[in-house]
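Worksheet for the structure shown next.
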Amino acid sequence: MLKRSLLRLLKTVALPLLLTSVACRQIVLVHTAGLSPWHGGGFGMFASLDRDERRILMTTVQDCDGRQWSLDLAATPQVLSPAAYTYITTFPTTPQLRTVAERGLAHAPQPLATEVTTAPSQCISRVQLQVWRLVYDGEAIAYEPITSLVEVQP
Amino acid sequence: MTMIFQRWHRWCERLLQPPRYLLVLRLTTWLLLLHSIDEWFWTMLPEKLLAAAMILYPRLVRQRWPWLGLSLCLIVHNLWHWATLVNHEYLYTYWVLVCTIAACSRTPRQVLSWNARWLIGLCFLFATGWKFLAGEYLDGSFLHATFLLDSRLAMGAVLLGGLDLSTLAENRQLFETMQAAGSIDPQNLLSSPRMAGMSLVLSYWTILIEGLVAASFLLTVPRWLYQKRDWILVCFVITTYAVIPVLGFGALLMVMGLIQTKSMRMAYVYLGLLIWMPLWMPLPQGLFWAAQRMLEQM
């Protein structure tokens, strides 16, 4: 009798329940942990502009002499592989951003020649990371932060 | 012409001969083989190989072990890439799990049919819910910005919004520069009042049609809505995917629609739409771009 009831449950309720649970979890993660609404099984595609390809990962590096420059991590595979970049912009949790910032600190990335007038030192004093999302008010597009600023020092 | 139609009808009739669940299981293996080949992950290789084996040896489709294997492959792939996968990739995993339960069951058709109806209904329920949750739909801003920035919607922006391709290219250039430079200051996009108005109308149309699909598949009352569910789903698929072709999602919806419908006529419609999908889905976009090229050359 119990076996028959369990089988009946498996045939009729299991998958709808699984879909509902995953989708509810996605909604919670989007609103609490910065997951993109387009991903994670919540059926939020084409509901928000906030998809991973449109997010930006702002990275600022400062050397020991106080010179500051921005770093494009999408173009720095030594610090972040393309797959890892996609993952971090889709689901940017603070521990993961901290790990990426620590990797950036260890790598001591150099700025482009146009960004600073004098050559920066090899000593990096700080790396800051923040993920921003695209918004549109009916006239203009702009970026707003979706995570808090994560800062790592040696 | 009549002969072609008769042959097509006879071929469909043969395909739809009972048991229909076997056709649905076979179509599912084809979808598994072909879906997401443009976004390749190496974790998809086992599922593709297994699906190919099930197509080459059709007897495997009736057995439970290949389906259990496919389920395992899809679950691992899903867990591995959970954060980056989009909706229909999740739906594929759920559907393969349903097929596995059906292959192990004495009533496969009922298992497939019941779950297909619920999975379609729930996925549209969450899709409709998200349109309210995200807060970018009720004022039309999501579709407005998408028309202005997404090249896949250029046809809609030109035909419905009255914009020209150079304006859309300027908008995309502006956004790409903004993104590359990491500029966070607001930048005005070029648009028109007609585009803004159409975006609002289409936003409400999307909420309406998706909400209707959800209600008609999940509820059995009102009876007229429940009985019209197949037509509502077909209406959604044609009106949406002719503008934004998403082959993988559209094809799976047709397979799921095919097993849950009680009407033979609708079974023909689902099967026809599925088989001709690689042609009709990209056709409007193809015609639009061909016409644009001709206009440029004139």
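Structure summary
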read-out	value
Some residue of the range A:28-40 being of a type in the set (Ser, Thr, Tyr), touching a Ser or Thr at 6+ places or on another chain (Cβ under 7 Å) and closer than 30 Å to residue B:203 by Cβ	yes
Filter result for the condition that a residue is touching a residue at least 40 places away in the same chain (Cβ under 8 Å) and of a type in the set (A, V, I, L, M), over B:134, B:116, B:180, B:169	B:116
Selection from the range A:61-72 of residues that are surrounded by fewer than 17 Cβ atoms within 10 Å (Cβ to Cβ) and either touching a residue at least 24 places away in the same chain (Cβ under 8 Å) or more than 18 Å from the chain's Cα centre (by Cα) (or both)	A:64, A:65, A:66, A:68, A:70
Conditions (1) surrounded by 14 or more Cβ atoms within 10 Å (Cβ to Cβ); (2) at pLDDT below 95; number of the one not met by residue B:261	(2)
Filter pass, residue B:292 being in contact with a Leu (Cβ under 7 Å, 6 or more places away or on another chain) and in contact (Cβ under 8 Å) with a residue 24 or more places away in the chain	yes
Evaluation of residue A:97 against (1) surrounded by 19 or more Cβ atoms within 10 Å (Cβ to Cβ); (2) within 11 Å of another protein chain (Cβ to nearest Cβ) (one fails), failing number	(2)
Residue in the range A:10-20 that is in contact with a helix residue (DSSP H, G or I) (Cβ under 9 Å, 6 or more places away or on another chain), of a type in the set (Lys, Arg) and either under 29 Å from residue B:77 (Cα atoms) or modelled with pLDDT of 85 or more (or both) present	yes
Selection status of residue A:41, within 22 Å of residue B:86 (Cβ to Cβ), small (Gly, Ala, Ser) and in a loop (DSSP other than H, G, I, E, B)	yes
Evaluation of residue B:152 against (1) touching a residue at least 40 places away in the same chain (Cβ under 8 Å); (2) under 30 Å from residue B:254 (Cα atoms); (3) crowded, with 19+ Cβ neighbours inside 10 Å (one fails), failing number	(3)
Members of the range A:28-38 found to be assigned to a helix (DSSP H, G or I) and either at the interface with another protein chain (Cβ under 7 Å from one of its Cβ atoms) or not aliphatic (A, V, I, L, M) (or both), listed by number	A:31, A:32
Complete set of residues in the range A:31-45 that are surrounded by 24 or more Cβ atoms within 10 Å (Cβ to Cβ) and on the phi > 0 side of the Ramachandran plot	A:40, A:41, A:43
Qualifying helices (runs of 4 or more DSSP H) (wholly inside the range B:85-193; at least 2 residues being under 29 Å from residue A:56 (Cα atoms) and at the interface with chain A (Cβ under 8 Å from one of its Cβ atoms))	B:87-104, B:108-133, B:141-149, B:165-181
Qualifying residue in the range A:1-24 (condition: in contact (Cβ under 8 Å) with a residue 40 or more places away in the chain, within 8 Å of chain B (Cβ to nearest Cβ), within 15 Å of residue B:83 (Cα to Cα) and surrounded by 19 or more Cβ atoms within 10 Å (Cβ to Cβ))	no
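The values are calculated or read from the model by the stated rules, or taken from the named source; none is laboratory data. Here the structure is a predicted model, which means the values were calculated and not measured. Heads up, the Cβs are rebuilt from the backbone with ideal geometry, glycines too, and the neighbour counts pull from every protein chain shown.
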